[in-house]
Amino acid sequence: MTVTVTRKDPRYPALRRGHNLRWPLQDADAAQRILLCEDAEDAEIALQQVVTAGLRPTVRSGGHCYEDFVVNNPGGAILDVSALSRVDRDASNGTFHLGSGVQLWNGYEALYKRYGVTLPGGVCGTVGAGGHISGGGYGPLSRLHGLSCDWVTAVNILTVDRHGKVVPIRADAQNHPDLFRACRGAGGASFGLITDFEFATLPVAPREVALARVFFSWNDTTVERLTGILMTFGQYWESRGQERDTWGMYSVLELSHRSAGQFSVSVQFCNPDGTCRDLRVMWEYLDLFSQWSSETGGSTSRPSIKQSDWLNACAMSAGNAVNRRGKYKSTRMRRGFTPAEAATIYKYLTKDVEGTSLHEASFDAHSYGGAVNRKERLEQTAVPQRDSIIKLQPLTYWEKPEEDAAQTKWLAQFYEELYSGPNADPQHAGTPYWSKHYEGCYINYPDADMLQYNYWPQLYYGESNYAFLQTVKRRYDPNNVFHHAMSVRP
Amino acid sequence: MYRREFLKMAALAPVGFRVAPLPASIPSERHAYLGTSEAIHVFAIEKEKWIPLQEVACEAPSCFVLHPFVPILYVANELQEFQGLPCGSVTVFAIGRDGHLSLLQRVRLSLSATLPRSIAISPDGAYAVVSAYGGGSYNLFDIDRKGLLGCIRGVVKETGSGVDLAQQESSHPQHACFDNSGHIVAADLGTDRIHVLSTSGGTLNLHQRYQMASGAGPSTIAVHPTGSFVAVSNRLNESICVYPYDSLRGTVGELRESLLGRAMAFHQRRSMLMVEREKSLDLYLWHGNTGQLRLLNSVSLPGTVTSMVSGHNSILLGFGNELACMSLDDLSLRHIPVDLPFRCVLRT
């Protein structure tokens, strides 16, 4: 039975927003009601009621959307599917089912405990499966096993036909194959309301993982030193990091702003067989950074490595559900960093902005590639970026609304300048447009600033892919019921 | 009015419908505004001659509407995208005493409200409803006392389609107007529906969907001043249909009358419906108590009409890029040599 929360309900202020407290920007932007659906049947009835009433539905599973795509819905209705949280396995055929409302941590835990398998993720515990998987789904095990969407074998989705009637569809490689492909990476909220994902099989969870972190002090970090660290990171993932024995390694170069005092490289590793029996690959990688480490003071002593079972590692990195104001950007990099890029990164991470503190700002570079770059996935999924070796996520968090302008401006200028250097394609300056250096952006890290460029769909959805997605859009959502600022347009 | 009727009216009246202020003086029949693809051309009218006054940049104007009390012009910008977002916009101009326009604001519509083609202002000047042809949606805006648009108060997003897959693949609201009780009636070319919308609860609500004949393609709608009938011009089957209407309840009844006609315009003060048919303009008196249309006169036209705009005592007729003005007093037709590829026109 769907629960309806309207403005008079004491739960409304909490439920009208998501994790990013910037949204809704003003009260008038907020949805008129939130419909909490208990199951897929509820969701179908609720969606039909909303469409019949002429309201715009937006869909929320985990509430982690970086932009206002869900909560900016003046007079409309948010369909909250967080209760669609089944995690089970069909005994008759062995197929795993994951409801779109499952929070990832609950998914990791249930899949591990009941079946010994996992999604190829491991972090972002409160993110909902609906957005995570339909937008691609990257995590610490993706280099070893691919993206979450690579493993999906069917999607159960509620579409709205040209007459305004809600039509449940089970899309797989044989039935509605185009819709199935589109739902594997082209982002949520463009084609319908996904209620459930099916997986014929899932990767076996690692038995254990090894964890380490190397810290660097900003006190003695010059532009030359930062350039060295960035180039070391980039060159590794461009070359050695794409060899098969390294695919079990996941690393994040978390370049915090100088006001945070230090930054780090973190590593999670397991051998391809899911054990930590041989850590030579990990040591080889860590040794590259020891010359700059604050802990070792430039000596040859090594950082400590801790080993943990997979579930505990997931729990440690599941993240918290604290709501904050935030702004995010993304880049998929085909090559490592250049000295010019490093100089820009140094400039902005050491820059202070009047009226706000950037101590929670960070320039995160994630290892990428490995199994993600299996070329056969290009035709099977809607993720066109299958040649990148680093995924960037520049981001910043802050507390007060009056700091919004300063924080977002700093990040926007940083990003624009980063892609206006020698590598920049003059026709696409200010963005990491597709070139020998870049593969655009990640739709699960949407950035509405990119709307200023008329080629934003190609940045996120790919150069040739977008026309295909528009065809799917016109066929399965002819009324454009499911839309937001960066959804696939008819 | 009996007490029961009063109570019924009070119960149905939309929340927040303001008492209308006294009208301000607006220059009358002295200026004309002509929208081309990228500008508005302002003309002074002197002895029926249109003298160019001003050219103001304005993207894709598709509709001009005046505020009922303050000298403000609202212009719909018929765009697929505005500021990178999938929506059209509305531009608001102040009208000077000399007819000149000054830009006041430009506001974007809600997401998916693309290609707006109609703006309706409530009789009390408190609300504007924009019909977005492309996105199948309607936006309700507040209007402040200076005539500026406020926030979007409500969005109705329609679904559906019609039999003509080329022109009716999805909802296409083409035109809307307020009745005298605060409801909005609208013509949806894509779904063959008349929509009745309400502003109750301070937002926009879909009150009734009235399904018309399949393939009709409603494109223009008018409410009789009595609030008892609506007339609809259907572009696809080239007909004019009259339906009983209860403005207190906001409900449309079964078809009362229909006749052939490609386009129509309504002159409210004269209760006159002007219908274009086969290169002639038929002028009908629209009876408020029966809804019947009584033919008053028929005038031959030099070509096919592409736009019709009712003025104070005249009607502006567009024939492609050509413009003419017909007097409703003596039915004389005068060519206006503007020589501009216009998209919309208004005479004040």
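Since every read-out is calculated from the coordinates, none of them should be taken as a lab result. Since the model is a prediction, treat every value here as computed from it, not as a measurement. Here the Cβ is made from the backbone with ideal geometry for all residues, glycine too, and neighbour counts use every protein chain on show.
Would you mind getting me the FRET efficiency between B:Leu104 and A:Asp178? Use the beta-carbon distance for r and R0 = 41 Å, nearest 0.05.
Numbers: r = 46 Å, r/R0 = 1.13.
FRET efficiency, B:Leu104 to A:Asp178: 0.30.
At q = 0.12 Å⁻¹ the log10 of I(q)/I(0) for segment A:3-80 amounts to -0.28, computed by Debye summation with a single uniform scatterer per C-alpha, solvent ignored. Across peptide B:153-164, the average count of Cβ atoms from other chains found within 10 Å of a residue's Cβ is 6.
Membrane-span-like helices in chain A (whole DSSP H runs, Cα extent of at least 24 Å along the helix axis, mean Kyte-Doolittle hydropathy of at least 0.5): none found.
Over segment A:208-461, Cα pairs under 8 Å with separation of 6+ residues give a relative contact order of 23 percent.
The C-alpha atoms of the protein assembly as shown occupy a region whose extents along the principal axes are 102, 60, 48 Å, arranged from largest to smallest. Model label points for A:Ala110 and A:Thr153, set 7 angstrom from Cα along the Cα-to-Cβ axis, are 1.9 nm apart.
For chain B, what class follows from the C-alpha gyration tensor (a ≥ b ≥ c being the square roots of its eigenvalues): rounded when a/c is under 1.5, otherwise prolate if a/b is larger than b/c, else oblate? Before the final figure, lay out each step's value.
On the way: a/c = 1.29, a/b = 1.10, b/c = 1.17.
Rounded, since a/c falls under 1.5.
Highest average first, the peptides B:59-70, A:306-317 ordered by how many other beta carbon atoms sit within 10 Å of their residues are B:59-70, A:306-317. Ranked by the mean number of other Cβ atoms within 10 Å of their residues, highest first, the peptides A:208-217, A:98-107 fall in the order A:98-107, A:208-217.
Going by neighbour counts of Cβ atoms within 10 Å, the residues B:Ser327, A:Ser330, B:Ser239, B:Ser171 line up, fewest first, as B:Ser327, B:Ser239, A:Ser330, B:Ser171.
Each of the peptides A:346-357, B:90-101, B:224-235 was scored by the mean count of other Cβ atoms within 10 Å over its residues; in descending order, highest first, they stand as B:224-235, B:90-101, A:346-357.
Distance between the pseudo-spin-label points of B:Glu59 and B:Gln268 (7 Å out from Cα toward the beta carbon): 3.1 nm.
Quick one: what do you get for segment A:208-461 if you divide its Cα Rg by 2.2 N^0.38 Å? Could the numbers behind the result be given before it?
Details: Rg = 18.2 Å, N = 254, 2.2 N^0.38 = 18.0 Å.
Ratio of Rg to 2.2 N^0.38 Å for segment A:208-461: 1.01.
In this calculation the C-beta distance from B:Arg294 to B:Phe319 is compared with R0 = 30 Å, giving a FRET efficiency of 0.65. Helical runs (DSSP H, four residues minimum) scored at -39500 (n - 2.57) apiece and divided by the length of chain B put the mean residue ellipticity at 222 nm at -1000 deg cm²/dmol.
Contour minus end-to-end for A:Glu379 and A:Ser304, with contour as 0.36 nm per residue of separation and end-to-end as the Cα-Cα distance? All intermediate terms of the calculation are to be shown ahead of the outcome.
On the way: separation 75, 0.36 × 75 = 27.00 nm, distance 4.21 nm.
Contour length minus Cα-Cα distance gives 22.8 nm.
Going from the residue with the fewest nearby Cβ atoms within 10 Å to the one with the most, A:Arg324, A:Arg86 rank A:Arg324, A:Arg86. Please tell me the relative contact order of chain A in percent, rounded to the nearest whole number, where contacts are Cα pairs under 8 Å and at least six residues apart. Worked out over chain A, it gives 16 percent. Applying D = kT/(6 pi eta Rh) to segment B:138-185, where Rh is the Kirkwood radius over alpha-carbon pairs, T corresponds to 37 °C and eta to 0.692 mPa s, the Stokes-Einstein value obtained is 250 µm²/s.
Students often get this wrong: which residues of segment A:322-340 have the backbone nitrogen under 18 Å from the point 7 angstrom along Cα-to-C-beta of A:Asp245? Those under the cut-off are none; the list is empty. Counting only other chain Cβ atoms within 10 Å of each residue's Cβ, the peptide A:52-62 averages 4.
Taking only alpha carbon atoms, segment B:193-348 gives an Rg to Rh ratio of 0.99, where Rh is the Kirkwood radius. The slack in the chain from A:Glu463 to A:Asp425, taken as 0.36 nm per residue of separation less the alpha-carbon distance, amounts to 12.2 nm. Counting other Cβ atoms within 10 Å as a rough exposure proxy, the listed residues A:His132, B:His195, B:His312 run B:His312, B:His195, A:His132 from fewest neighbours to most. Taking 7 Å steps out from each Cα toward its Cβ at B:Ala94 and A:Thr471 produces label points 5.4 nm apart.
Taking every Cα-Cα distance in chain A and sorting them into 10 Å bins starting at zero, the pair-distance distribution P(r) comes out as 4, 20, 31, 28, 14, 4, 0, 0 percent.
Taking chain B as a Gaussian network of alpha-carbon nodes connected by springs under 10 Å, the highest mean-square fluctuation of the residues B:Ser332, B:Ser89, B:Ser219 belongs to B:Ser332.
If you count, for every residue in A:475-482, the Cβ atoms of partner chains within 10 Å of its Cβ, what is the mean? Before the final figure, lay out the partial values.
On the way: counts 0, 0, 2, 7, 14, 12, 6, 1.
Other-chain Cβ atoms within 10 Å of each residue's Cβ, averaged: 5.
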